[in-house]
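Peer 1: Please find one structure pasted underneath; my questions will follow.
The values are calculated or read from the model by the stated rules, or taken from the named source; none is laboratory data. On a predicted model such as this, the values are computed, not experimentally measured, just so you know. So basically every Cβ, Gly included, is an ideal-geometry build from the backbone, and we count neighbours across all protein chains shown. Protein only, heavy atoms only, side chains kept; ligands, DNA and RNA dropped before computing areas. Shrake-Rupley method; radii C 1.70, N 1.55, O 1.52, S 1.80 Å.
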Amino acid sequence: MSSPVVKLVAQRVALGILLLLAVSVLIFAGTQILPGDVAQAILGQSATPESLANLREQLGLNQPAYIRYFHWLGGVLTGDLGTAMSSGQDIATSIKERLWNTLFLAFWAAIVAIPLAITLGLIAVRYRNGWVDKMISGVALASTSFPEFFIGYLLVFYFAVQHQWFPAISTVYAGMSLGERLQAIALPAAALTLVVLAHMMRMTRAAILNVMQSAYVETAELKGLSAFAVIRKHAFPNAIAPIINVVMLNLAYLVVGVVVVEVIFVYPGMGQYLVDHVTKRDVPVVQAVGLIFAAVYIALNIIADIAAIVANPRLRHPK
């Protein structure tokens, strides 16, 4: 890679690390200013003042906030996410399987959504301003208008309740075959696919239409190439950078934005784990899950920026 590309990539990575550090401060500060007493929430309303004081000292709640932050950050950097207050279990061990389940769900949703969105975007451009384009755009616009929980409940009602083709509760566990896992995640994966499909399709269409106004595309059309050949060979490759950006942003959403979908289908992923421990006011778990979500989101955005930089021929081959 050329020097400008390396410099830009290094800047993006350094900016991502600084941003993640800033997010860790916000997450820690946000959990500290929540109303209520953590010790009181754990021991209940019948706890004595002595037991509350002992628990606060045991949890380090009597220490200044900045000391607790650096202690927590040091543990994170060494792979120690702390211990769940409500169960006493190691958070890193508990999260490992949950994170795998969330990534498994997001992966299969992406496998369906990305090729389908790009294909629909290409078709919409090929028949732009025609009834096919208007139908695809209309359906996409309608699907983006519905929130995840509405789409999820519709899928449950039709496919699980009325026809019983798929389970309403997405239960996965160790020892399941790939086919059983895919059947279990079919509905939540479909819900996530419908949520991100429309945005990727519309952005793909917009990016290609922007390139279609270029002079070299007009030259290709004058040479007698078919409309779809012009789009596939000339417009799409030059629109790949913004398409990669929108794909990566939606991949980040598939991982970070699964909370609602996982709760609807009672799927044992990171989102369900977070909601369960928010209700228990388990601060270390909330901090750990929030930081992991932030790290995934920032990392995928950095990858999108790097891919866009590398895909830009003017940066790869500067004059």
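Peer 1: Is there any pair with a first residue in segment 176-189 that is assigned by TED's automatic domain parsing to the domain that holds Trp108 and more than 17 Å from Leu254 (Cβ to Cβ) and a second that is open to solvent by less than 60 Å² (accessible area, probe 1.4 Å) and charged (D, E, K, R) whose Cβ atoms are under 9 Å apart and which are 6 or more apart or on different chains, and what are they?
Peer 2: none
Peer 1: Tally time: how many residues in segment 140-149 are within 17 Å of Ala189 (Cβ to Cβ) and either part of a helix (DSSP H, G or I) or open to solvent by less than 90 Å² (accessible area, probe 1.4 Å) (or both)?
Peer 2: Residues meeting the conditions: 3.
Peer 1: Moving on. Restricting attention to segment 251-288, which residues are crowded, with 24+ Cβ neighbours inside 10 Å and under 13 Å from the mean Cα position of the chain (by Cα)?
Peer 2: Leu251, Leu254, Val255, Val258, Val261, Glu262, Gly269, Met270, Gly271
Peer 1: Do any helices (runs of 4 or more DSSP H) lying entirely in segment 30-110 carry at least 3 residues that are at pLDDT 75 or above and not hydroxyl-bearing (Ser, Thr, Tyr), and which ones are they?
Peer 2: 65-77
Peer 1: Moving to a separate point now. For Val76, are the conditions met, namely being among the β-branched types (Val, Ile, Thr) and under 30 Å from Leu197 (Cα atoms)?
Peer 2: Spelling it out, it is not the case that Val76 is among the β-branched types (Val, Ile, Thr) and under 30 Å from Leu197 (Cα atoms).
Peer 1: Name the single residue, out of those in segment 172-195 being under 16 Å from Val258 (Cβ atoms) and in a loop (DSSP other than H, G, I, E, B), that is modelled with the lowest pLDDT.
Peer 2: Val172
Peer 1: Going residue by residue through segment 199-210, is there one that turns out to be touching a helix residue (DSSP H, G or I) at 6+ places or on another chain (Cβ under 6 Å), assigned to a loop (DSSP other than H, G, I, E, B) and open to solvent by less than 80 Å² (accessible area, probe 1.4 Å)?
Peer 2: Checked segment 199-210: no residue is touching a helix residue (DSSP H, G or I) at 6+ places or on another chain (Cβ under 6 Å), assigned to a loop (DSSP other than H, G, I, E, B) and open to solvent by less than 80 Å² (accessible area, probe 1.4 Å).
Peer 1: Being at pLDDT 80 or above and outside any loop (DSSP other than H, G, I, E, B) is true for just one of Phe166, Phe157. Which residue is that?
Peer 2: Result: Phe157 is the single residue among Phe166, Phe157 that is at pLDDT 80 or above and outside any loop (DSSP other than H, G, I, E, B).
Peer 1: Another question about this same structure. Taking the stated definitions as given, is Tyr158 exposed (fewer than 14 other Cβ atoms within 10 Å of the Cβ) and aromatic (Phe, Trp, Tyr)?
Peer 2: Criteria met by Tyr158.
Peer 1: Please specify each residue of segment 113-135 satisfying the condition of being in contact with a helix residue (DSSP H, G or I) (Cβ under 8 Å, 6 or more places away or on another chain), among the hydrophobic types (A, V, I, L, M, F, W, C) and surrounded by fewer than 17 Cβ atoms within 10 Å (Cβ to Cβ).
Peer 2: Result: Leu116, Val132.
Peer 1: Using beta carbons and a limit of 6 Å, which pairs, at least six apart or on different chains, have the first residue in segment 79-94 and outside the structural domain of Gly290 (by TED's automatic domain parsing) and the second one open to solvent by 50 Å² or more (accessible area, probe 1.4 Å) and part of a loop (DSSP other than H, G, I, E, B)?
Peer 2: Partner pairs satisfying both residue conditions: Ser86/Lys280.
Peer 1: Can you pull out the residues in segment 232-250 that are at pLDDT 80 or above and over 17 Å from the mean Cα position of the chain (by Cα)?
Peer 2: none
Peer 1: Another one. Give the number of residues within segment 178-198 that are open to solvent by 50 Å² or more (accessible area, probe 1.4 Å) and either among the hydroxyl-bearing types (Ser, Thr, Tyr) or under 19 Å from the mean Cα position of the chain (by Cα) (or both).
Peer 2: Going through segment 178-198 one residue at a time, the tally reaches 1.
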